[in-house]
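Take a look at the structure below.
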Amino acid sequence: MLFIDLSDSIYISAIYTSVVIRMAEKTKSKGKKLEEKLLFKPKSIGLEKKDFFKESTEFCEGYKEFLKSKTEREVVDYTIPLLKRNGYKEYVSGKKYPAGSKLFFNNRGKNLIMVTIGKKDISEGVRIGASHIDSPRLDFKPVPLFEDTEMAFMKTHYYGGIKKYQWSTVPLSLHGVVTLKSGKNIKVVIGESAEDPVFCVTDLLPHLARDQMKKTASEVITGEQLNILVGSWPFNDDEVSQKVKLNIANILFERYGITEADFLSAELCAVPAFAPVDVGLDRSMIGAYGQDDSVCAYCNIMAEIDCKDPEYTTVTVLADKEETGSDGPTGLNSMFLIDFIEDMATTYGAELRKVLAKSLCISCDVNSAYDPAFGENYERTNCSYLNHGPSISKYGGGGGKYSTNDASAEMMAFIRKILDENGIMWQIGELGRVDNGGGGTVAMYISQHNIDTVDFGVPVLSMHTPFEVTAKADVLMLYLAMKAFYEYPKTFKK
Ligand code: MN
Ligand code: MN
């Protein structure tokens with residue numbers, strides 16, 4: 001067996017490689033030079049930026065902490081103190097603020113708008129970064145608690161697009177609020193700390209699953225089977241019929257002071273109980289619940305905080321209800337964002353429609369990352385890859401480009417220019433093969449107000465599952481991209 005002394009061979013090969021590279025530069029063929037000049041070649045961050053591994057690892061420690069907030073309300077509660085520590089003040093309607101002022105507006109505890117006042121007049125338009133802070137999950141029904149065969153369960157109605165079978169036999173935590181008739185809000189988080197219990201949806205043992213295994217994946221676990229196991233021990237009183245249910249109701253009353261009717265005025269949900277973790281022996285990736293779209297939200301928030309003295313006023317918005325179609329007063333199909341911009345415009349004597357017409361928006365949402373296990377579902381020249389940077393989507397929607405903001409060539413050119421001039425690595429990304437399904441973002445709800453908008457975001461493996469995976473380098477690159485967008489001084493000419 002031949003023994004190779006690795007240390008020597010690495011040294012020799014390093015010298016050899018550098019000599020070869022220098023020779024190759026001189027002797028490039030005409031075709032090679034043309035290839036480099038003319039053809040679009042997506043690149044991996046790992047090969048282009050060696051220091052990026054360390055930097056992105058450091059950046060993502062803060063991101064992993066952020067991911068522990070698992071609902072829109074928790075993200076808002078986490079972010080406001082962070083903003084205050086960084087000099088943000090609560091926005092006061094009608095007040096004029098000098099350039100550089102940092103402000104935030106809290107809509108119903110479920111949306112945040114963050115602003116850095118620009119040097120230019122607001123009539124020149126604003127630069128909007130939009131992401132969403134709701135994620136797919138299991139919402140409690142209004143009357144959730146029931147007992148069957150001496151076990152207590154909570155009935156749910158799933159929120160957003162999920163593969164229902166993935167949510168059984170996964171440890172779940174309970175999050176949300178219960179609002180009493182008095183108006184008092186009671187916050188609930190159970191299952192996130194080490195001493196807490198967790199919950200689960202059960203599944204049938206394979207030994208008895210002959211019929212179940214013949215069903216299609218959408219029916220293996222049905223919506224009505226997504227019941228969360230919450231108890232099995234009775235309240236000891238012979239006069240009571242549903243003893244396990246009563247015992248659970250009593251525990252809830254003793255801990256939170258709530259009764260069964262209070263579930264009617266609650267927003268409670270179950271989400272995966274895992275903490276965010278590093279993935280891979282090289283620790284280059286992050287695995288966690290809710291990265292769609294907390295990854296973009298975190299990058300937007302940090303870019304907004306770190307953006308100093310922008311030319312154009314920045315508007316960073318965290319939306320709710322994206323996963324169910326952006327409806328409701330806290331979804332971007334409502335007017336809360338436009339009303340906020342109008343409030344600022346009026347204060348500075350500008351006309352809203354003129355401000356909107358001159359504004360730009362990056363709709364920051366995740367994209368699907370190419371997964372070789374399911375390669376046939378992607379079109380390989382137009383999809384996104386892990387570690388190739390955030391992905392620009394000219395359009396989303398479904399077959400025939402329905403239900404999407406299809407960004408203009410001019411807007412695409414402007415975004416490319418911003419990214420390239422700031423050394424940001426990016427890639428292009430269709431969601432997947434034509435006619436293979438589809439997906440939407442908030443982009444069309446912003447562009448409908450005559451705002452040039454483009455979709456942009458981090459590629460994700462296993463999107464909408466309990467454990468989504470992103471690459472750390474893509475996360476840091478998105479932050480840098482959004483900071484560059486906010487600080488970019490040049491005007492988009494329409
Ligand atoms: Mn989603
Ligand atoms: Mn999303």
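The values are calculated or read from the model by the stated rules, or taken from the named source; none is laboratory data. All figures in this text were calculated on a predicted structure; none of them were measured in a lab. Don't worry about glycine lacking a Cβ; one is built from the backbone with ideal geometry, like all the others, and counts go over all protein chains shown. The protein model used for the area step is the full one, side chains on, heavy atoms only, and it has no ligands, DNA or RNA in it. Shrake-Rupley method; radii C 1.70, N 1.55, O 1.52, S 1.80 Å.
Couple of notes before you dig in:
- Test: SER241 is open to solvent by 30 Å² or more (accessible area, probe 1.4 Å), within 18 Å of LEU174 (Cα to Cα) and of a type in the set (Ser, Thr, Tyr): no
- Scan of the stretch 184-217 for residues that are small (Gly, Ala, Ser) and modelled with pLDDT of 95 or more, ordered by number: GLY191, SER193, ALA209, ALA217
- Residue list for the stretch 273-313, restricted to those being within 16 Å of ligand 2 (Cβ to nearest atom), under 20 Å from GLU487 (Cβ atoms) and of a type outside the set (A, V, I, L, M): CYS296, TYR298, CYS299, ASN300
- Reported count of residues in the stretch 438-455, each being in contact with a helix residue (DSSP H, G or I) (Cβ under 8 Å, 6 or more places away or on another chain) and either without any contact (Cβ under 8 Å) to a residue 24 or more places away in the chain or within 16 Å of ligand 1 (Cβ to nearest atom) (or both), is 3.
- Qualifying residue in the stretch 72-85 (condition: open to solvent by 50 Å² or more (accessible area, probe 1.4 Å) and touching a Leu at 6+ places or on another chain (Cβ under 8 Å)): no
- Residue check for LEU204: surrounded by 13 or more Cβ atoms within 10 Å (Cβ to Cβ) and not basic (Lys, Arg): yes
- Flag if TYR395 is out of contact with any strand residue (DSSP E or B) (no Cβ under 7 Å at 6 or more places or on another chain), within 16 Å of ligand 2 (Cβ to nearest atom) and either without any contact (Cβ under 8 Å) to a residue 12 or more places away in the chain or of a type outside the set (Gly, Ala, Ser) (or both): yes
- In the stretch 160-176, residue nearest to LEU268 (Cα to Cα) [restricted to those that are within 16 Å of ligand 2 (Cβ to nearest atom) and among the small types (Gly, Ala, Ser)]: GLY160
- Within the stretch 441-454, if we keep just the residues that are within 24 Å of GLU379 (Cβ to Cβ) and of a type in the set (Ser, Thr, Tyr), the residue that is most open to solvent (accessible area, probe 1.4 Å) turns out to be THR441.
- Entirely in the stretch 391-494, the helices (runs of 4 or more DSSP H) that have 1 or more residues that are within 25 Å of LYS49 (Cβ to Cβ): 409-421, 472-487
- Here ILE301, ILE338, ILE258, ILE305 are screened, and the one residue that is crowded, with 23+ Cβ neighbours inside 10 Å and either touching a residue at least 40 places away in the same chain (Cβ under 8 Å) or polar (S, T, N, Q) (or both) is ILE301.
- Residue match in the stretch 468-489 (condition: open to solvent by 40 Å² or more (accessible area, probe 1.4 Å) and basic (Lys, Arg)): yes
- The one condition from (1) crowded, with 18+ Cβ neighbours inside 10 Å; (2) under 30 Å from ASP309 (Cα atoms); (3) at pLDDT 95 or above that LYS417 does not meet is (1).
- Hits in the stretch 113-162 (condition: over 28 Å from TYR348 (Cα atoms), within 16 Å of ligand 1 (Cβ to nearest atom) and not in a loop (DSSP other than H, G, I, E, B)): HIS132, ARG137, LEU138, ASP139, TYR158, TYR159
- Residue match in the stretch 130-142 (condition: closer than 30 Å to LYS358 by Cβ and polar (S, T, N, Q)): yes
- Any hit, the stretch 284-306, residues being in a loop (DSSP other than H, G, I, E, B), in the same structural domain as TYR78 (by TED's automatic domain parsing), in contact with a His (Cβ under 8 Å, 6 or more places away or on another chain) and within 16 Å of ligand 1 (Cβ to nearest atom): no
- Unique match (being surrounded by fewer than 19 Cβ atoms within 10 Å (Cβ to Cβ), modelled with pLDDT of 95 or more and under 30 Å from PRO234 (Cβ atoms)) among THR169, THR156: THR169
- Among the residues listed as LYS214, LYS164, LYS184, the single one being more than 13 Å from MET154 (Cβ to Cβ) and either in contact (Cβ under 8 Å) with a residue 60 or more places away in the chain or in contact with a Ser or Thr (Cβ under 7 Å, 6 or more places away or on another chain) (or both): LYS164
Listed here are the residues, each with its yes/no results for (1) outside any loop (DSSP other than H, G, I, E, B); (2) more than 16 Å from ligand 2 (Cβ to nearest atom); (3) among the hydroxyl-bearing types (Ser, Thr, Tyr).
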| residue | (1), (2), (3) |
| --- | --- |
| VAL315 | yes, yes, no |
| ASN333 | no, no, no |
| ASP343 | yes, yes, no |
| LYS354 | yes, yes, no |
| SER368 | yes, no, yes |
| GLY375 | yes, yes, no |
| ASN382 | no, yes, no |
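- Breaking point among (1) open to solvent by 10 Å² or more (accessible area, probe 1.4 Å); (2) within 30 Å of GLU487 (Cα to Cα), for ALA194: (2)
- Criterion: surrounded by 15 or more Cβ atoms within 10 Å (Cβ to Cβ) and out of contact with any strand residue (DSSP E or B) (no Cβ under 7 Å at 6 or more places or on another chain) - qualifying residue of LEU226, LEU268, LEU246: LEU246
- One residue from GLY423, GLY457, GLY429, GLY438 being buried (at least 20 other Cβ atoms within 10 Å of the Cβ) and farther than 25 Å from MET114 by Cα: GLY429
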